[in-house]
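Undergrad: If you scroll down you'll find the structure; I have some questions about it.
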2 protein chains.
Amino acid sequence: MAISMASASLPIFRTMLGNLSHFLDKGMAHAQARKFDPQVLASYRLAPDMLPFTRQIQIACDSVKNGVARLAGVEAPKFEDNEQTFEELRARIAKTLDWLETVPAAKLDGTEDKDITFPVGRESTRTMKGEAYLKHWVLPNLFFHVSMAYAILRHNGVELGKADYLAGASR
Amino acid sequence: MAISMASASLPIFRTMLGNLSHFLDKGMAHAQARKFDPQVLASYRLAPDMLPFTRQIQIACDSVKNGVARLAGVEAPKFEDNEQTFEELRARIAKTLDWLETVPAAKLDGTEDKDITFPVGRESTRTMKGEAYLKHWVLPNLFFHVSMAYAILRHNGVELGKADYLAGASR
């Protein structure tokens, strides 16, 4: 089968959000084993001017949700960005994955040359062709925030390895 | 134009390796401005059992080089993995990008269902179809190591932002 906009995106989105949820399980288990408040991890930042763990998860979900909605031309659900706990973050990922299943793959196919306009910062927008938007915006953003979540947990001693990050590859 | 194995991979590889090289420039400039030895950054790890900065760069290059070579069925150049300095790491990225230009895009196209067998650890191999190998192995690995390089520099105060990581999006 020839690669398509749907095949080049949906399996990656499902895999990486699934792995991200698995990171949360491991982070939570680590906090419980070491008897510290998981909120320490949830609010941790790798640098004072980087986003905390909670925002990494929220934005990872939003890269997928907004990316798919814009490409497929469907409405994305609105999330409140009020998650604080690991349970709430896990629920946000689950909600995103559930919504993803409602989008017909066929709506993504053929969107290579579709103009996608999206907000950049608070006061400007950018327009890219569908394929470029997927490759140079949605995918890099998703992988970035999943990797930052991983990095925050690993930096704090959570037992994660490359196999957890790549887990979907063996599914 | 319909997305293809070449269009879904080569522009991402070029963009992310170009951005990675730009991270190195910023890391180097930061060390010079603060008057500390850039080797401190080059050997920095986010956790004692994570790979140092140098290895993140080497592996980012190798994900691209080996991924393309296996998909396109061409020979990848051998690198010695002996880079220590920022200049040497920058040269490795440049070498990888130069080699990439020698691979005809047409050799990547149509490799969706090609069996790709690659080493996993020292004693085993895995076989995946070309499209899955790109989506669930090559791309996640590349983005991971570029993101870890970014995280190491940001954690150490280097002035990088999301715009540097996404820079290719505006090229």
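The values are calculated or read from the model by the stated rules, or taken from the named source; none is laboratory data. Since we're looking at a predicted model, the values are computed, not measured. Here the Cβ positions follow ideal geometry from the backbone for every residue, glycine too, while neighbour counts run over all protein chains shown. The accessibility values were calculated without ligands, DNA or RNA, using every heavy atom of the protein model including side chains. Shrake-Rupley method; radii C 1.70, N 1.55, O 1.52, S 1.80 Å.
Undergrad: What are the nm distances, shortest first, from A:Pro48 to its equivalents in the other copies, labels at 7 Å along Cα→Cβ?
TA: In nanometres, ordered from closest: 2.8.
Undergrad: Continuing with the same structure: Any idea which of B:Ser147, B:Gly161, B:Ala72 is furthest toward the positive side of the dipole for the stretch B:10-170, if Lys and Arg beta-carbons carry +1 and Asp and Glu beta-carbons -1?
TA: B:Gly161
Undergrad: In addition: List, largest first, the extents of the alpha carbons of the protein assembly as shown along their principal axes, each in whole Å.
TA: 48, 48, 46
Undergrad: Lysines within cross-link reach of A:Lys35: Cα-Cα under 22 Å, excluding same-chain residues under 8 positions apart?
TA: Those lysines meeting the cut-off are A:Lys26.
Undergrad: Rolling a 1.4 angstrom probe over the protein chains, ignoring ligands and nucleic acids, what is the accessible area of A:Glu159 in square angstrom, nearest 10?
TA: Ignoring ligands and nucleic acids, A:Glu159 comes out at about 150 Å².
Undergrad: For the residue pair B:Lys95 and A:Thr102, what label-to-label distance in nm results when each label sits 7 Å from Cα along the Cα-to-beta-carbon direction?
TA: Placing both labels 7 Å along Cα→Cβ, they lie 5.2 nm apart.
Undergrad: For label points placed 7 Å from Cα toward Cβ, what is the shortest-first list of nm distances from B:Leu97 to its copies?
TA: Label-point distances to the other copies, shortest first: 3.8 nm.
Undergrad: Restricting the calculation to Cα positions, tell me the Rg (one decimal) and the Dmax (whole number) of the stretch B:80-150 in Å.
TA: Here Rg and the maximum Cα pair distance are 14.7, 40 Å.
Undergrad: Could you give me the radius of gyration and the Dmax of chain A, taking only the C-alpha atoms into account and expressing both in angstrom?
TA: Answer for chain A, Rg first and Dmax second: 16.4, 52 Å.
Undergrad: Roughly how many Å is it from the Cα centre of the stretch B:1-54 to that of the stretch A:39-70, as a whole number?
TA: One Cα centre to the other: 21 Å.
Undergrad: Also, quick follow-up: So what is the 222 nm mean residue ellipticity for chain B from helices alone, if each DSSP H run of at least 4 adds -39500 (n - 2.57) and you divide by all residues, rounding to the nearest 500 deg cm²/dmol?
TA: My calculation for chain B gives -17000 deg cm²/dmol from helical runs alone.
Undergrad: Report the calculated FRET efficiency for B:Phe118 and A:Arg122 (r = Cβ-Cβ distance, R0 = 51 Å), to the nearest 0.05.
TA: 0.70
Undergrad: Quick one: length gained pulling A:Met1 to A:Gln39 fully straight, 0.36 nm per residue minus the C-alpha distance?
TA: Full extension from A:Met1 to A:Gln39 adds 9.2 nm.
Undergrad: Additional query: What's the magnitude of the charge dipole for the stretch A:36-153 around its Cα centre, counting Lys and Arg as +1 and Asp and Glu as -1 at the beta-carbon? Answer in Debye, nearest 20.
TA: 200 debye
Undergrad: Something else: Of the heavy-atom accessible surface of the stretch B:36-111 (probe 1.4 angstrom), what whole percent is carbon and sulfur?
TA: Using a 1.4 Å probe with all protein chains present, the stretch B:36-111 comes out at 51 percent carbon and sulfur.
Undergrad: Something else: State in Å² the accessible area per residue of the stretch B:10-170; use a 1.4 Å probe, count heavy atoms of protein chains only, and round to the nearest integer.
TA: 43 Å²
Undergrad: Taking the Cα-to-Cβ direction at B:Thr85 and at B:Glu159 and moving 7 Å from each Cα, how far apart do the two end points lie in nm?
TA: 2.5 nm
Undergrad: Hey, for B:Phe118 with labels 7 Å out along Cα-Cβ, what do the inter-copy distances come to in nm, ordered shortest first?
TA: Ordered by increasing distance: 2.5 nm.
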